[in-house]
1. Considering the range A:96-110 alone, what residues qualify as being part of a helix (DSSP H, G or I) and touching a residue at least 60 places away in the same chain (Cβ under 8 Å)?
2. Test of understanding: among B:GLN40, B:GLN47, which residue is part of a loop (DSSP other than H, G, I, E, B) and either away from DNA strand C (no atom under 12 Å from the Cβ) or modelled with pLDDT under 95 (or both)?
3. I'd like the full set of residues that are within 15 Å of DNA strand C (Cβ to nearest atom) and touching a strand residue (DSSP E or B) at 6+ places or on another chain (Cβ under 6 Å), limited to the range A:50-79.
4. If you take the residues in the range A:80-90 that are of a type outside the set (A, V, I, L, M, F, W, C) and within 12 Å of chain B (Cβ to nearest Cβ), which one is nearest to DNA strand C (Cβ to nearest atom)?
5. Can you find a residue in the range A:91-100 that is modelled with pLDDT of 95 or more, more than 8 Å from DNA strand C (Cβ to nearest atom) and within 11 Å of chain B (Cβ to nearest Cβ)?
6. Return the only residue of B:ARG109, B:ARG65 being within 16 Å of DNA strand D (Cβ to nearest atom) and within 13 Å of another protein chain (Cβ to nearest Cβ).
7. Could you grab the pairs with beta carbons closer than 8 Å, sequence gap of 6+ or different chains, first residue in the range B:70-95 and within 14 Å of B:TYR117 (Cα to Cα), second one buried (at least 17 other Cβ atoms within 10 Å of the Cβ) and at pLDDT below 95?
2 protein chains.
Amino acid sequence: MLIDIWHDRAVADLTLQRSPLPIAPTPTGPAEMCCAPVTQELLDAEQAAVLAARLKALADPARLRLVSLLANAAEHEACVCDLTAPLGLSQPTVSHHLKVLQQAGLVTREKRATWAYYSVVTEALDELAGLLSPRD
Amino acid sequence: MLIDIWHDRAVADLTLQRSPLPIAPTPTGPAEMCCAPVTQELLDAEQAAVLAARLKALADPARLRLVSLLANAAEHEACVCDLTAPLGLSQPTVSHHLKVLQQAGLVTREKRATWAYYSVVTEALDELAGLLSPRD
DNA sequence: AGCAAGCATCGACGTCTGTCAATAGAGATG
DNA sequence: CATCTCTATTGACAGACGTCGATGCTTGCT
């Protein structure tokens, strides 16, 4: 299932010089393994805090819908201006949520021209899922 | 890995008549499938709210440690009085967190004698994980 | 009946969080 | 340069949240 939230900007995009696609686009949250699955080993205070912080980044309706929008968007990415309308939230609020998601390592940001393109870090979601329920 | 937070109450427990192990011990949160995995279909507002509520129940250090304690406890269950010390939190606070977890369908409560035994609903964790990252 | 233990609820408190309007900054266009 | 678009930051505010002490309720024991 793919939702196109690209509109006519795809056309305008062609008229702009694109950035040379940096290999490492500033990964704020490296999303490193913080602990064993919750049900397998006892979490100490610090591990629990780290894991809770990541889950908390996802545990918000707006942010869940953002992740869903990004994952289902054409090219699996979208810029802020395409996300405000589907969410019914103001642009600053959307920017705020995206920043939270980025700092948790759940999305990446790539600036092209005046637009900031966000996309989901599927590996981060996978790892989070694996911590809740062991993949065996 | 098993952590024994049972102490000497296991002995005292034998002297008390046990409840006849009811089949359906008041499942507050039935943990029914709320939506497709986040990355596969677009979440609407309501689905996002439901999923966010469940994730929010887990997205707390104390509650994560509670789940971890329960999962790693002998018999895979524990009562409130065994959980306050490992967490370093007051009994009312622990009771509060357990209630949140129970309402989210992540733990079940079974009252035996004066003790309330909580245990993890692994299926709920599995489902939650499956919504973040599709299995197979 | 009286008492003690385990647990849930209540009330209160400080903190965190989601939201917006206003503003500032970066970048493209004319 | 002036202007426009897109995005990020700031400041402010209401509501939610985590925590605790005090209290009440249930259950078993004497």
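1. A:GLN102, A:GLN103
2. Selected residue: B:GLN40, the only one of B:GLN40, B:GLN47 that is part of a loop (DSSP other than H, G, I, E, B) and either away from DNA strand C (no atom under 12 Å from the Cβ) or modelled with pLDDT under 95 (or both).
3. A:VAL67, A:CYS79 - these are the residues of the range A:50-79 that are within 15 Å of DNA strand C (Cβ to nearest atom) and touching a strand residue (DSSP E or B) at 6+ places or on another chain (Cβ under 6 Å).
4. A:GLY88
5. no
6. B:ARG65 is the lone residue from the list that is within 16 Å of DNA strand D (Cβ to nearest atom) and within 13 Å of another protein chain (Cβ to nearest Cβ).
7. B:ALA73/B:ILE5; B:ALA74/B:ILE5; B:ALA78/B:ILE5; B:ASP82/B:ILE5; B:LEU83/B:ILE5
Residue by residue, here is whether (1) farther than 21 Å from B:LEU58 by Cα; (2) more than 10 Å from DNA strand D (Cβ to nearest atom); (3) buried (at least 16 other Cβ atoms within 10 Å of the Cβ) holds:
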| residue | (1), (2), (3) |
| --- | --- |
| A:ALA36 | no, yes, yes |
| A:LYS56 | no, no, yes |
| A:ALA71 | yes, yes, yes |
| A:HIS97 | no, no, yes |
| A:SER119 | yes, yes, yes |
| A:GLY130 | no, yes, yes |
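The values are calculated or read from the model by the stated rules, or taken from the named source; none is laboratory data. This one's a predicted model, so the numbers in the text were calculated from it and none came from an experiment. Cβ sites come from the backbone with ideal geometry, for glycine too, and all protein chains shown count toward neighbours.
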